[in-house]
Structures are given as C-alpha cells and as structure tokens.
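First comes the structure, then the notes that go with it.
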Amino acid sequence: MLKPLSIGKLQLKCNIFIAPLAGYTNLPTRLVYREQGAGIAYAEMVSAQGLHYNFNKSVTLIDSGENDSPLGIQLFGSSRETIVRAFEVIKNEKFDVVDINCGCSVKKIINSGSGASLLKTPDEVYKIIKGLKELTDKPVTLKIRSGWDHNSINYKDMYYAAESAGAALITLHPRTKTMLFDGKADWSHITELKKISTIPVIGNGDIFTADDAVAMFNQTQCDGIMLARGVMENPFLVEEIIARLENRLYIPRTLKNRLYSATLHCKALIDYTGDEVKAMVEFRKFFKGYAKGGKGITHLRQAVNQTVSYSQFVSLIAQYLEYSEKEEVEKE
Ligand SMILES: Cc1cc2nc3c(=O)[nH]c(=O)nc-3n(C[C@H](O)[C@H](O)[C@H](O)COP(=O)(O)O)c2cc1C
C-alpha cells in the first residue's frame, strides 16, 4: 500500500497526498504534513482569471519555500484559453505538478463555469490538458468528482479525455457535484476507474482515520490516497496512517505535545504572513484540530478564539497545562 510513486518523470517518496484545500494548505501548513512524511502536498486552488487580472494577489496562493517539495499547484478556470493564458505567467514559479480543478462545487466557482462545471465538458478538459502539455514538461494532472449528479456519472469519460490528452495522474473524489459533501463517497467508482486507468489513480473522500486509509487501498486498489478534511480535523493523521501502513505501533501524541506543536504551527504562520493579528485569527481554525480531548479544552479553545496575541496564546496554553496537571495530581 505505502510505496513510492511516479507522476510522469516526478518521483514521490510515497503515495500519501495532501489535497488542495482553499484557506488551509498554505506553506507553513503544508510543512506540518510534510514533516510527518506526506509524499506530495498541493497548494490551494488558484483562479486562472485571478492570475490574469490580479497577478500579485493570486500568485501568493502558490507561494513556496524551503523544504516545500514536491509541490502541486491547482488552477481553476472555465476554458483552455483562460487556463493556458494563466499558466503562461506562472510556469516558471517553483512547483512540480499542475492540477486542474474539476470538482469544486462552490456556487461562485460553478457560476463562472469552472470547478465541477468542467465535468459537463470533457472535450474542454482534453483541450486544457493538451494546451498545458504544450507549455510544460511538468506533470499535468486533474482532480474530479464522479459526475454532475447521479444521472450523469461520467468519471470514466473524464478519465478518457484526460488520459488521451496526456494527463499524468487522476484523483477521484467519488461524490457528485450536487452531493457537495453530503452522504458517503462511493469508493466503488475509484475501484472501477482503477480497472481501466493506465495512469495512477488517487483515491480521495472520507479518509479520517488510519483504518479508513487501509480500507481505501484494499477496496479500490488505488495507487495513492489523498487526505483533505481528515488532516484538518487531525493534524497528525499523516504520521498515524504511515505508521499503520508500515505495521508500526502508533502511540498517539499527548495533548501537551499537540498543544506544543500548535504553538510551532502558529508561529510559522505568523512568520509567513508577517502579520501577527491576521495570523492569530487565521490560526483559530487550525487550533481546533490540535486542542481536542482534554478536560476543559473547550474553555481553552474559546479563550484562544478571543486573542490576537501570540504571547497570550502561549500563556493560555501554559495555564491550561498547569491546571490540568494539578488536577491529575489531585486525582492521584
Ligand atoms: C475547506 C475545504 C477546501 C477545499 N479546497 C479545495 C481546493 O482548493 N481544490 C480542490 O480540488 N478541492 C478542494 N476541496 C475538496 C478536497 O480537496 C477533497 O476533495 C474533499 O474534501 C473530499 O475529501 P475528504 O472527504 O477527505 O475531505 C476542499 C475541501 C474543503 C473541506
């Protein structure tokens, strides 16, 4: 299950992928998952139109840095023309793979003809991939849903279009556009895709635990797995999955260790943004994943949600740990 994987000429040390996640997979956050052994991480999707009309703002979404490789970037756009034009201006940025978003179901994106709207036009996806292949030697990949709705499941058509245009890999999140995140991902679509595909198939959807990861590999025979909400909820999911796939005993981190790791992640976000207040506000959504399972932890989370100061954040954690250690001693 756990193994190196080639995407075109690119060699990944392992087949655990970190999904593109809008608002989440910035540089410091990708590094958190890379340190645990992820084989590749994607930056959040970036608008092809945005790159054309507001380059400076959009290009920050694919900022990279030391130790941040291999890096996938993902573009969303409605046509070959828009996507190829955007790619021209970023093709020399630091990244290793370019992915086309054919799954995003957010209204604004759909209304612009991008994301999951492309599921309706496999021919255009063929042209997009062909167009990108003319501009770069880097692998071009795509990430799709199963279809627009349950009456138009067409992941196989999407695959044939992409593969014949030269795509190097396909990731399938087997829900339809209309399902958004409801119901369960239908992993049988990944199994079916794997049967016909000549390029690596990455299974995505509902992997929240190491058991889920093993089940995804076993049920679908996929070439790799992509983690999304699982790592948002549990920032240490990658190391847990890798331990399981290597048949190693995994000892979950203590709450103290998780909170300490949270301070490091938060500090890295501040250094990255150069704006303490902004980073502290942004970090609140990440903190939820770290601060779980201790007595009175909800109070700590509430207090952290009120602060915009890193030093106060660190003292809130110290106070919490002191209080919970005292409680432990009194219990004994
Ligand atoms: C907050 C959030 C942001 C997302 N952003 C992107 C994105 O930028 N590009 C993309 O292809 N999918 C995006 N997705 C979808 C995920 O990559 C993934 O396909 C989906 O969440 C299913 O996987 P999961 O069940 O493991 O979460 C996003 C999902 C969430 C919850």
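Overview of results
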read-out: Extension gain, E35 back to A22 (0.36 nm per residue minus Cα-Cα distance, nm); value: 2.6 nm
read-out: Whether the chain is rounded, prolate or oblate, judged on the alpha carbon gyration tensor where a/c under 1.5 counts as rounded; value: prolate
read-out: Percent accessible area from carbon and sulfur atoms, the range 69-135, protein chains only, probe 1.4 Å; value: 47
read-out: Where GluC sites (Glu not before Pro) fall in DSSP loop in the range 87-143, at most 15 other Cβ within 10 Å; value: E93
read-out: Per-residue [θ]222 nm for the chain (sum of -39500 (n - 2.57) over DSSP H runs n ≥ 4, rounded to 500); value: -14500 deg cm²/dmol
read-out: FRET efficiency, 1/(1 + (r/R0)^6) with R0 30 Å, evaluated for D211 and E327 via beta carbons; value: 0.40
read-out: Theoretical gain in end-to-end length, T178 to R284 [0.36 nm per residue, Cα-Cα removed]; value: 35.2 nm
read-out: Accessible area of the range 255-331 belonging to carbon and sulfur atoms, whole % at 1.4 Å probe; value: 54
read-out: Charged-residue dipole, Cβ positions (Lys, Arg, Asp, Glu), the chain about Cα centre, Debye nearest 20; value: 440
read-out: Entries in K108/K288; K9/K94; K267/K288 that, when Cα-Cα distance is taken, lie over 18 Å; value: K108/K288
read-out: Neighbour-limited loop hits for trypsin sites (Lys or Arg not before Pro), the range 209-250 (at most 10 other Cβ within 10 Å; DSSP other than H, G, I, E, B); value: R248
read-out: Charge context of R145, other residues only, Cβ under 12 angstrom, K/R +1, D/E -1; value: +2
read-out: DSSP-assigned coil residues among trypsin sites (Lys or Arg not before Pro) in the range 46-146, each with at most 15 further Cβ atoms within 10 Å; value: K91, K94
read-out: Theoretical gain in end-to-end length, A318 to D157 [0.36 nm per residue, Cα-Cα removed]; value: 52.5 nm
read-out: Degrees, to the nearest 10: 255-273 long Cα axis against longest axis of the chain; value: 60
read-out: In nm, spacing of pseudo-spin labels at E233 and T307 (7 Å Cα→C-beta vector); value: 2.8
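The values are calculated or read from the model by the stated rules, or taken from the named source; none is laboratory data. As the structure is a computational prediction, the values presented were derived from the model and not from experiment. Every residue, glycine among them, receives a Cβ derived from its backbone with ideal geometry; neighbour counts consider all protein chains shown. Areas reflect the complete protein model, heavy atoms only, side chains present, ligands, DNA and RNA absent. Shrake-Rupley method; radii C 1.70, N 1.55, O 1.52, S 1.80 Å.
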